[in-house]
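The values are calculated or read from the model by the stated rules, or taken from the named source; none is laboratory data. Keep in mind that this is a model prediction, so the values were computed, not measured. Heavy atoms of the whole protein, side chains included, go into the accessibility calculation; ligands, DNA and RNA do not. Shrake-Rupley method; radii C 1.70, N 1.55, O 1.52, S 1.80 Å.
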Amino acid sequence: MSSFTAPLDVQILDAEREGRVTARLLSSFSYEVGQPGSGEVIDVPGGFVTDFASVPWGLWNLEPPLGDGGKAAVVHDYLYATKGLGGRYTRAQADGIFRQALGVLGVPAWKRTLLWAAVRLGGAGGWGS
């Protein structure tokens, strides 16, 4: 099973992104894709700014931006911001990593599927931005 290899250490910022809270990573943050020891690690550098889960306000009761999937959302935001680490991952792979990371965090399968479907359907505009 995949794992987060470092704790998430952030500073909440005053600036918002489209009405959502933003935070700056105070130190690098890592996620190991696939099986432990796979060597496939996504390192999100300190200083990266995230808005966590980009969930519309009306759905925050289902998944608030700083909800159970916060760590997975940071990795996903970074993959989108870097266009899959400069092409190492496709958008579909980035979304799959998000879904996998949600599972590592213990997010229920129904919610993982719903959040994954939401980024597949609505995330194209954020790829590379």
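Averaged per residue, what accessible surface does the chain expose to a 1.4 Å probe, in Å²?
That works out to 51 Å² for each residue.
Is the C-alpha gyration tensor of the stretch 84-129 telling us rounded, prolate or oblate? Criteria: a/c under 1.5 is rounded; beyond that, a/b larger than b/c is prolate, otherwise oblate.
Oblate.
If I build a Gaussian network model for the chain, linking alpha-carbon pairs within less than 10 angstrom, which residue out of 38, 30, 54 has the largest mean-square fluctuation?
In the Gaussian network model the winner is 38.
Classify the chain as rounded, prolate or oblate from the Cα gyration tensor: take a ≥ b ≥ c as the square roots of its eigenvalues, call it rounded if a/c is under 1.5, otherwise prolate when a/b beats b/c and oblate if not.
Since a/c stays below 1.5, the shape of the chain is classed as rounded.
Could you tell me what percent of the accessible area of the chain is made up of carbon and sulfur, with a 1.4 Å probe and every protein chain present?
Heavy-atom surface of the chain belonging to carbon and sulfur, 1.4 Å probe: 56 percent.
Among 66, 25, 13, which one shows the biggest mean-square fluctuation in a GNM of the chain, springs joining Cα atoms closer than 10 Å?
13
Suppose only helical runs count, i.e. DSSP H with n ≥ 4. What mean residue ellipticity at 222 nm does that imply for the chain under -39500 (n - 2.57) per run, divided by all residues and rounded to the nearest 500 deg cm²/dmol?
Calculated from helices alone, the mean residue ellipticity at 222 nm is -10500 deg cm²/dmol.
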